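J.: Handing you a structure now.
The values are calculated or read from the model by the stated rules, or taken from the named source; none is laboratory data. Quick caveat, the model's predicted, so the values are computed rather than measured. Methodologically, a virtual Cβ is constructed for each residue, glycine included, from the backbone with ideal geometry; neighbour enumeration extends over all protein chains shown.
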Amino acid sequence: MVLFEDDNYVVINKPPFVSSLPERTADKAISIQKLAKEAYDDIQLCHRLDKETSGILLLAKNSEAYRNAAMQFENREIKKEYHAVVNGVHQLEGVSVFLPIATLKDGTAVRIDKMRGKLAETVFVTAKAYHAHTLVRCYPITGRMHQIRVHLQCIEAPIVCDPTYGGESIYLSQLKRKFNLKKNTEELPLIKRVALHAHKLEFQNLDGNNVCFEAPYPKDFEVLVKQLDKFAD
């Protein structure tokens, strides 16, 4: 999982289905924080990713490094790029969604709330449009819970396999014209989670230099994009 490490930071490529922080309802479940603390004495997560979301995660190995990253997150100086496969064909050329977000009472999801919501902004750019889906580059300016997911829903481009925000599953039969399913078998979706990956992170190290890291796609996201590319023509 480790993409980079020095005296101050560890940058990892978080796999899907692993929580950033320990879950209250699953004491024995693996989390990134738990794994990190087993390997390092004084380490903290600088931010978090949803359990299903894969990709780049920054951890600080000391309090000075943590403060440095925390200030940049607070001042919105850290640049983040996510990749999402969404339902529908969309030509997004720097579309900015600027809508406030409020967390639901049970804390499991969010909604747009112009009266009580917190400021949230995301910029979207089409990377590649397919027959019925689109690969989108997402640039969150703020860092609210489920921000990218709900903002994509707002522009009628919900993320594939994200039923919470209107996203439908994607199947090979939707892409391949002559698709034959074996008898007495049920077709499985090409990806079994929200199709969202934290691809890139850029921040200023303690020495004042900007550093940028990219996280390769995990296998499930890579397979999904390859299948979309294969049957694009």
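J.: Between 228, 135, 152, 190, which is closer than 19 Å to residue 112 by Cβ, modelled with pLDDT of 95 or more and among the aliphatic types (A, V, I, L, M)?
T.: Working: 228 fails: closer than 19 Å to residue 112 by Cβ; 135 fails: closer than 19 Å to residue 112 by Cβ; 190 fails: closer than 19 Å to residue 112 by Cβ.
It is 152.
J.: Check whether at least one residue in segment 115-122 is of a type in the set (Lys, Arg), farther than 20 Å from residue 162 by Cα and modelled with pLDDT of 95 or more, and report yes or no.
T.: Within segment 115-122, the first condition is being of a type in the set (Lys, Arg), and the residues that meet it are 116, 118.
From what's left, farther than 20 Å from residue 162 by Cα: 116, 118.
Now narrow it down to the ones that are modelled with pLDDT of 95 or more: 118.
Yes.
J.: Hey, residue 59 hits all of (1) more than 14 Å from the chain's Cα centre (by Cα); (2) aliphatic (A, V, I, L, M); (3) closer than 20 Å to residue 168 by Cβ but one; which does it fall short on?
T.: Only one criterion in (1) more than 14 Å from the chain's Cα centre (by Cα); (2) aliphatic (A, V, I, L, M); (3) closer than 20 Å to residue 168 by Cβ is unmet by residue 59, namely (3).
J.: Confirm whether residue 94 is more than 14 Å from the chain's Cα centre (by Cα), at positive phi, not aromatic (Phe, Trp, Tyr) and not in a loop (DSSP other than H, G, I, E, B).
T.: Numbers: more than 14 Å from the chain's Cα centre (by Cα): yes; at positive phi: yes; not aromatic (Phe, Trp, Tyr): yes; not in a loop (DSSP other than H, G, I, E, B): yes.
Yes; evaluated as a whole, the condition is true for this residue.
J.: Filter segment 19-53 for residues that are over 20 Å from residue 65 (Cβ atoms) and of a type in the set (Val, Ile, Thr); which is modelled with the lowest pLDDT?
T.: Filtering segment 19-53 for residues that are over 20 Å from residue 65 (Cβ atoms) and of a type in the set (Val, Ile, Thr), the one modelled with the lowest pLDDT comes out as 25.
J.: Further question on the same structure: What about residue 13, is it in contact (Cβ under 8 Å) with a residue 12 or more places away in the chain, assigned to a helix (DSSP H, G or I) and surrounded by 18 or more Cβ atoms within 10 Å (Cβ to Cβ)?
T.: no
J.: Would you be able to tell me the number of residues in segment 30-45 that are closer than 26 Å to residue 191 by Cα, touching a Ser or Thr at 6+ places or on another chain (Cβ under 7 Å) and either aromatic (Phe, Trp, Tyr) or outside any helix (DSSP H, G or I) (or both)?
T.: Number of matching residues: 1.
J.: Tally the residues that are without any contact (Cβ under 8 Å) to a residue 60 or more places away in the chain, closer than 20 Å to residue 72 by Cβ and among the small types (Gly, Ala, Ser), restricting the search to segment 37-61.
T.: Final tally of qualifying residues: 1.
J.: Just for helices (runs of 4 or more DSSP H) wholly inside segment 144-233: which have at least 3 residues that are touching a helix residue (DSSP H, G or I) at 6+ places or on another chain (Cβ under 7 Å)? Walk me through how you get there before you give the answer.
T.: Details: elements: 147-154, 172-175, 219-230.
Result: 147-154.
J.: A further question on this structure: Take the residues in segment 107-147 that are of a type in the set (D, E, K, R) and more than 13 Å from the chain's Cα centre (by Cα), then tell me which one is surrounded by the most Cβ atoms within 10 Å (Cβ to Cβ).
T.: Just the residues of segment 107-147 that are of a type in the set (D, E, K, R), to begin with: 111, 113-114, 116, 118, 121, 128, 137, 144.
With more than 13 Å from the chain's Cα centre (by Cα) added as a condition, the list becomes 111, 113-114, 116, 118, 121, 128.
Working: 111: 14, 113: 14, 114: 8, 116: 8, 118: 14, 121: 17, 128: 14.
Here the residue is 121.
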